[in-house]
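Below: the structure, in structure tokens.
The values are calculated or read from the model by the stated rules, or taken from the named source; none is laboratory data. These numbers were taken from a predicted model, which means no experiment stands behind them. Counting neighbours? That spans all protein chains shown, and the Cβs are built from the backbone with ideal geometry, glycine included.
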Amino acid sequence: MATTTSRPTTRRAADDISYADLYERWERGNWSATEIDFTQDKIDWEERMTEAQRRTAMWLFSLFFHGEDAVTDGLSPYIDAAPLEEQKYFIATQQVDEARHSVFFNRFINEVVGLGDGSIAGGMNATASQLSWGHKMIFQELEEMCVALRADQSPHQFARAITIYHVLIEAALAQPGQHVIEAFLEEQDLMPGFRAGIANVALDEQRHIAFGVKALADLYDADPKGTEKAVLDVLRENSVYITGVAMPPNWDESYFKAFNYSYDELGRDGITALESRLRAIGIDLHKVERSPLPVDLPLDERASRGRVLLQANLVGPERPASRDPYATEVMFDSIARAADVHVVPSGTVIEWAFTDAEPWQLSFDAGKCIAERGTARKAALKLVVSFDDWADIFAKRVDARKLLLARKLRPKGNLRLFAKFGKIFP
Ligand SMILES: [Fe+2]
Ligand SMILES: [Fe+2]
């Protein structure tokens with residue numbers, strides 16, 4: 001690893017964390033998933049909870065159970081890749097925790113809900129139909145990251161791997177979800193066994209997240225630029241999957257209402273958690289180029305944009321896309337924010353000349369890229385394409401080269417500029 005040259009001068013939250021303390025906290029916090037008593041939980045499940053509450057619980061707990069299983073399986077290459085012995089030991093404790101969490105959720109699903117045969121595989125098979133598109137995608141990404149980390153144990157790859165696991169999955173996704181579940185069951189005084197278990201899971205996750213923040217802060221000290229790039233790249237690659245994890249079946253809002261929360265509330269909690277962990281590492285999104293989160297916008301808007309794109313099928317698995325003007329605006333604003341302005345000469349305009357929707361344009365000027373509705377006065381490049389085909393490209397449902405070959409995407413004008421598209425929108 002490179003020597004430390006530019007340790008941030010301002011004190012970060014990560015500077016208060018030590019690996020020795022995290023290990024000690026693990027020893028003190030040990031608990032037993034097999035000793036939890038679910039007797040009252042079974043009574044509450046059958047007699048006190050409404051059908052809608054049980055449906056939401058089944059859905060959320062299944063997302064957690066499959067997530068816990070995936071993180072249990074995926075952690076071993078992290079032990080190999082960690083540069084410090086203390087890090088290896090902590091990750092070994094974390095792997096035990098994740099196995100315990102999986103056992104806890106499986107016990108609940110089998111003994112209280114009555115699904116599966118008691119084996120982990122049986123529980124997983126019985127709940128697999130509950131998983132959302134975003135859940136499948138993010139855990140597929142995690143699996144690929146683990147394979148990549150086995151092959152490449154460089155600090156850069158380790159930083160990428162910690163970002164998806166500890167920052168995105170644990171801090172931005174799992175922890176806010178656990179708080180929603182805990183708060184609801186507490187308020188309704190339901191299922192004391194499950195509540196005790198999830199409280200322990202949440203304490204464990206807090207420790208895991210602290211470890212991830214500390215490990216990334218160490219990597220940041222050794223190589224601020226490289227680590228920042230690793231972290232931000234992973235956020236850009238995965239933010240839409242994260243947004244889609246808690247997407248309820250058919251966008252049926254009653255899934256949230258049954259637990260007294262809303263999709264956007266969960267989004268706000270996730271974004272707040274994510275931004276605070278990045279600050280703790282030393283990364284200030286207000287100061288980075290091409291920030292993966294539009295930090296200049298109010299929190300409500302930052303949290304709702306992912307939902308807007310998903311509901312319009314401008315991201316996600318389904319087509320056709322909606323022509324909703326606000327959703328289209330969010331899509332083009334996202335494209336503009338992701339553009340690398342250094343690759344394109346100032347004054348360049350690119351137009352999306354949709355064959356079946358109003359045109360949009362991006363203007364590159366004075367180190368900025370701005371999206372606007374309407375036909376460009378002088379576009380260097382025009383993309384002639386149908387709105388749905390473009391939405392498929394934006395959502396990564398189709399490879400743009402395929403549409404190009406089929407002449408469904410026709411670039412007109414400066415084709416050299418078109419050839420640089422991969423660099424402009426990395
Ligand atoms: Fe866990
Ligand atoms: Fe964890």
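With the requirement that a residue be in a loop (DSSP other than H, G, I, E, B), acidic (D, E) and in contact (Cβ under 8 Å) with a residue 24 or more places away in the chain, what does the stretch 311-363 give you?
D340, D356
Step by step: first the residues of the stretch 67-84, then only those that are assigned to a helix (DSSP H, G or I), farther than 21 Å from M124 by Cα and of a type in the set (A, V, I, L, M), then the one that is nearest to ligand 2 (Cβ to nearest atom). Which residue is that?
I79
Which residue pairs have Cβ atoms closer than 8 Å, lie 6 or more positions apart in sequence or on different chains, and pair a first residue in the stretch 202-215 that is closer than 18 Å to A20 by Cβ and in the same structural domain as S276 (by TED's automatic domain parsing) with a second residue that is of a type in the set (K, R) and away from ligand 2 (no atom under 11 Å from the Cβ)?
R207/R25; I209/R277; G212/R277; V213/R277
Whether any residue in the stretch 95-117 is under 18 Å from T163 (Cα atoms), at pLDDT 95 or above and within 16 Å of ligand 1 (Cβ to nearest atom) is what I want to check.
Yes, because at least one residue in the stretch 95-117 is under 18 Å from T163 (Cα atoms), at pLDDT 95 or above and within 16 Å of ligand 1 (Cβ to nearest atom).
Within 16 Å of ligand 2 (Cβ to nearest atom), buried (at least 23 other Cβ atoms within 10 Å of the Cβ) and not acidic (D, E): is that true of A199 in this structure?
No, not satisfied.
Are there any pairs, at least 6 apart or on different chains, whose C-beta atoms fall under 6 Å, with the first in the stretch 69-83 and more than 16 Å from ligand 1 (Cβ to nearest atom) and the second modelled with pLDDT under 95 and assigned to a helix (DSSP H, G or I), and if so, which?
none
Here is a yes/no grid of residues against (1) buried (at least 23 other Cβ atoms within 10 Å of the Cβ); (2) at pLDDT 95 or above; (3) within 25 Å of V245 (Cα to Cα):
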residue	(1), (2), (3)
H66	no, yes, yes
I79	no, yes, no
G123	yes, yes, yes
C146	no, yes, yes
A151	no, yes, no
